[in-house]
Amino acid sequence: MATKAKTKENRTAERKSSRLQATRRNKDRQQASPNAFDVLEEDHREVEQWFDEYDELKDDNENRKAELAEKICLALKVHAQIEEEIFYPQARKATQDNDLIDEAVVEHATVKSLIGEIEAMEVGEELYDAKIRVLGEMVKQHIKEEEEELFPELQSTKMDLAAVGKELAERKEELMAEMQA
């Protein structure tokens with residue numbers, strides 16, 4: 001059990017360090033204008049942070065758990081939609097890598113299904129915390145694949161990352177306003 005806790009602690013520390021480095025890079029890049037990677041990575045870091053915070057909460061902190069779960073689910077629904085509407089079609093066209101994009105779309109469907117289950121539950125119900133943890137692990141793996149496989153592949157294409165970034169940011173703003181209403 002101690003090994004599992006230590007491994008989890010090490011992974012959390014690595015993610016926090018990675019988030020700090022990415023945040024610094026993003027701030028440097030965003031002074032000009034956020035590109036597609038900036039917009040998506042900012043979402044990635046935010047949701048990773050919320051999953052980590054959720055993992056650290058005690059069982060009796062139901063209000064904060066509910067608040068974080070709501071933030072996580074909203075952010076993931078919006079993020080998945082902007083990727084599916086804007087980013088993936090452009091990435092598919094730019095890379096001609098249907099396998100990588102197809103896998104990402106299937107992962108999104110699984111994530112959306114799990115979000116639906118979580119949203120139909122109340123904090124404290126049996127399997128609620130387990131579903132949040134599984135969602136977190138799935139999302140973190142998806143993020144890793146996007147950032148380590150898809151993003152580097154796109155850097156060598158003619159995809160206009162600045163234009164796509166602008167489109168993603170605008171659509172995200174629209175969706176957030178719609179879904180929070």
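So here's what we get for this one:
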item: The range 81-99: number of residues that are under 17 Å from Lys158 (Cβ atoms) and among the β-branched types (Val, Ile, Thr); result: 2
item: Failed item, numbered, when Asn61 is tested on (1) surrounded by 13 or more Cβ atoms within 10 Å (Cβ to Cβ); (2) at pLDDT 95 or above; result: (2)
item: Criterion violated by Glu83 - all others in (1) surrounded by 20 or more Cβ atoms within 10 Å (Cβ to Cβ); (2) over 18 Å from the mean Cα position of the chain (by Cα) satisfied; result: (2)
item: Options Asp43, Asp52, Asp38: the member that is surrounded by 16 or more Cβ atoms within 10 Å (Cβ to Cβ), in a helix (DSSP H, G or I), at pLDDT 95 or above and in contact with a Ser or Thr (Cβ under 8 Å, 6 or more places away or on another chain); result: Asp52
item: Wholly enclosed helices (runs of 4 or more DSSP H) of the range 58-156 bearing at least 3 residues of a type in the set (Asp, Glu) and under 20 Å from Glu46 (Cα atoms); result: 128-145
item: Residue that is surrounded by the most Cβ atoms within 10 Å (Cβ to Cβ), among those in the range 115-157 that are more than 17 Å from Ala104 (Cα to Cα) and of a type in the set (Asp, Glu); result: Asp129
item: Residues within the range 119-158 that are hydrophobic (A, V, I, L, M, F, W, C), in contact (Cβ under 8 Å) with a residue 24 or more places away in the chain and more than 30 Å from Asn98 (Cα to Cα), tallied; result: 1
item: In the range 163-181, residue surrounded by the fewest Cβ atoms within 10 Å (Cβ to Cβ) [restricted to those that are basic (Lys, Arg) and touching a helix residue (DSSP H, G or I) at 6+ places or on another chain (Cβ under 7 Å)]; result: Arg171
item: Unmet requirement for Asp160, which otherwise passes all of (1) within 20 Å of Glu48 (Cβ to Cβ); (2) surrounded by 13 or more Cβ atoms within 10 Å (Cβ to Cβ); result: (1)
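The values are calculated or read from the model by the stated rules, or taken from the named source; none is laboratory data. Model, not experiment: these values are computed from the prediction. Every residue, glycine among them, receives a Cβ derived from its backbone with ideal geometry; neighbour counts consider all protein chains shown.
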